[in-house]
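Let me begin by presenting the structure, written as structure tokens, before commenting on it.
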Amino acid sequence: MTRMFTVTVERGHGDWWVLEAPDVGAVSQVRRLDQVENEMREAIAHLAGLLESEVEVDVRATLPEDCVEHVEAVLGVGRARAR
């Protein structure tokens, strides 16, 4: 049986992303978003007393405003949202 844990991701200083799983108090950091699940699965499993195979991670990223603006511009959704 697996348990789902929510991990919040925010841009930190420099090239780092700051990770937090508030349900178990796990905090970490990674340089690339593709590293979030593996990094936090290990930490969550340790703190929750579970096997890594019993942990599922739901990643919730908050992007910096300049990234959001760039994505909206590329997708053409900024104007649609402003209407």
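The values are calculated or read from the model by the stated rules, or taken from the named source; none is laboratory data. From a predicted model like this one, the values you see are computed outputs, not experimental measurements. A quick note on method: Cβ atoms are made from the backbone with ideal geometry, for glycine too, and the neighbour counts reach across all protein chains shown. All accessible areas refer to the heavy atoms of the entire protein, side chains included, with ligands and DNA or RNA removed. Shrake-Rupley method; radii C 1.70, N 1.55, O 1.52, S 1.80 Å.
Here are a few things to note about the model shown:
- Relative to the current alpha-carbon distance between Val71 and Arg11, full extension at 0.36 nm per residue lengthens the span by 20.0 nm.
- Rolling a 1.4 Å probe over the protein heavy atoms of the chain, with every protein chain left in place, gives an accessible area that is 49 percent carbon and sulfur.
- FRET efficiency for the Gln35 to Arg60 pair, using the beta carbon distance and R₀ = 22 Å, is estimated at 0.90.
- Placing +1 on the Cβ of every Lys and Arg and -1 on the Cβ of every Asp and Glu, with nothing else charged, gives the chain a dipole about its Cα centre of roughly 360 debye.
- Solvent accessible area, Å² - Asp34, 1.4 Å probe, full protein context: 110
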